Every structure is written in structure tokens, then in C-alpha cells.
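The structure appears below as C-alpha cells.
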Amino acid sequence: MTTYLTDKETAALRAMGQVLRAERIARNETQAEFCRRLGVSRNTLSAMENGAATVSIDRWLRAASVMGCLEQFSEAFMVVDDPFAAFARQKKAKERQRVRRR
């Protein structure tokens, strides 16, 4: 599978991997212990810690859950609704569409 990531996206994956490795080390856990907690193989953990783009999102979600930061992880994907856009949608929804007569 070929993945095409921008430099920023690649850097973000590497940063996530560094945080994952730092958390494992801070917990004084071996790779084998941490793998068991995550439910992944050593190869997958190594790929995650190295910022590989091939690791599926469910693995990252599990890692965030184990590290106790699932809420922060999911907040990164929350879309904050612009109140002006919401008002415009409501106003448009209230406008009636008339059928053209032939």
C-alpha cells in the first residue's frame, strides 16, 4: 500500500510515535509488556514508535486509550461549528422554495 503524506503529516506521525515511546519508557515497560497492553505485535509497536504511515487508526486509538489521552485524541477531530454559518443555515432552511408554474 502506497501512502502519500505531506511533510507536516509525516512529522505529526513521527511526533506521535515519539510521544508513544516516551510514555512507554516513563511507565518503565518493555516493548513486550506494552505490546500486550495495546494488543499489537512488536513490529506494529516499532512501526508506531517510528511514525510509520501504515499503522491503522484503530491501533492509535487503542494506544491513546491505554495512555489515558483518548479524549484529547478525539478532540483533534472535533469540528467547532461557526455560529455565523449555523445562523446562515437556519435562515436558508426557513426560506420557502416555490414551485414554478408552467
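The values are calculated or read from the model by the stated rules, or taken from the named source; none is laboratory data. All figures in this text were calculated on a predicted structure; none of them were measured in a lab. Using ideal geometry, Cβ is built from the backbone for each residue, glycine included, and neighbour counts are taken over all protein chains shown.
Couple of notes before you dig in:
- Screening residue 92 against (1) in a loop (DSSP other than H, G, I, E, B); (2) modelled with pLDDT under 90; (3) not aromatic (Phe, Trp, Tyr) leaves a single unmet condition, (1).
- When the criteria are applied in full, residue 59 meets the requirement of being of a type in the set (Lys, Arg), outside any loop (DSSP other than H, G, I, E, B) and either under 18 Å from residue 15 (Cβ atoms) or touching a His at 6+ places or on another chain (Cβ under 9 Å) (or both).
- Any chance residue 102 is at pLDDT below 70 and in a loop (DSSP other than H, G, I, E, B): no
- Where a residue in the range 39-50 is in a helix (DSSP H, G or I) and its partner, wherever it lies, is of a type in the set (Gly, Ala, Ser) and crowded, with 19+ Cβ neighbours inside 10 Å, with Cβ under 6 Å and at least six apart: 48/17; 49/17
- Positions within the range 66-76 being surrounded by 14 or more Cβ atoms within 10 Å (Cβ to Cβ) and either at pLDDT below 90 or not β-branched (Val, Ile, Thr) (or both), in sequence order: 67, 69, 70, 73
- Candidates 21, 36: the one that is basic (Lys, Arg), in a helix (DSSP H, G or I) and surrounded by fewer than 17 Cβ atoms within 10 Å (Cβ to Cβ) is 36.
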